[in-house]
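Novice: The structure under discussion is supplied below as structure tokens; questions concerning it will follow.
The values are calculated or read from the model by the stated rules, or taken from the named source; none is laboratory data. The shown structure was predicted, so the numbers you read here are calculated from the model rather than taken from an experiment. Please note: Cβ atoms are built from the backbone with ideal geometry, for glycine as well, and neighbour counts cover all protein chains shown. Each accessible area value is taken on the protein alone, full model and side chains, heavy atoms only, with ligands, DNA and RNA left out. Shrake-Rupley method; radii C 1.70, N 1.55, O 1.52, S 1.80 Å.
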Amino acid sequence: MHSSFTRVQNVFGFFTTVACVLAAFIAASDLLAIRRPSGTIVPTTLQVVKGRPHYYSSKKEEYAIIKFSLDADLSSLFTWNTKQLFVYVTAEWPSTSPATDGHNATNSAVIWDSIITNPSADHLRNLGPVAMKKLVRSSAGKTIDPSRGILKLKNQRPKYQITHPIGKVAMVENVTLKLHYNVQPWVGLLTWNMDSKLGYWYPIQGAVSEAFEFPAVRSKDAASKKAAAGAAGSKT
């Protein structure tokens with residue numbers, strides 16, 4: 001006759017087996033949901049300035065500041081198994097000198113990111129009470145909010161300025177902005193941008209800007225002359 005401890009072990013083992021099988025079915029159900037993300041991204045303002053990497057540094061580096069407009073539809077990435085969506089924009093340009101860039105074929109740096117939660121995961125966000133009440137009110141009775149994943153940003157300021165290990169980014173050519181996403185499910189594997197079609201999952205359409213060039217470093221003399229010219233024009 002089995003002891004109480006043995007029976008508890010058997011029940012726990014059966015429970016974990018059922019839970020693992022159920023989790024596998026839940027994760028596999030994502031493959032039946034159509035993913036067809038799309039987006040358009042355009043740089044609006046480009047600027048390169050000089051600054052110090054930290055307070056005690058005497059050496060200055062060049063930093064690129066990129067404002068952009070983004071119109072994207074990522075709503076198809078939200079299913080009942082989606083916990084949250086991590087969205088980010090990168091600036092990428094080809095390496096021109098393997099000796100200084102290492103052996104990277106492409107330089108890539110994140111300039112903006114955001115986390116979009118499913119209504120059922122809004123409680124995980126670090127928000128104030130007022131914003132949380134608005135989220136709860138907007139998602140009441142909804143499994144998935146249709147507006148989740150719809151991004152319309154105009155002349156968006158970047159969260160991060162970008163530089164290069166050699167400290168120079170001015171006049172760099174063939175720079176493009178790219179929209180990326182990372183789907184974080186309740187159960188299953190993390191998934192990123194698709195390079196090719198997989199079942200009902202399609203690669204993101206668009207989401208890459210036309211190539212552009214970083215401008216020259218903005219000097220204080222040029223800025224002061226521009227301000228003086230503007231002041232003189234207003235007087236006349």
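Novice: Just read off the accessible area of TYR202 with the full protein assembly in place, 1.4 Å probe, to the nearest 10 Å².
Specialist: We get 60 Å² for TYR202.
Novice: DSSP loop (so not H, G, I, E, B), at most 11 other Cβ within 10 Å: list which trypsin sites (Lys or Arg not before Pro) in segment 51-82 pass both filters.
Specialist: LYS59
Novice: How would you order 20-29, 204-213 from highest to lowest mean count of nearby Cβ atoms within 10 Å?
Specialist: My ranking of the peptides, most packed first, is 204-213, 20-29.
Novice: Give a residue-ordered list of calculated ³J(HN,Hα) values for segment 59-72 (Karplus: 6.51 cos²θ - 1.76 cosθ + 1.60, θ = phi - 60°; whole Hz; x for Gly, Pro).
Specialist: 8, 9, 10, 8, 10, 9, 10, 10, 8, 8, 10, 10, 10, 9
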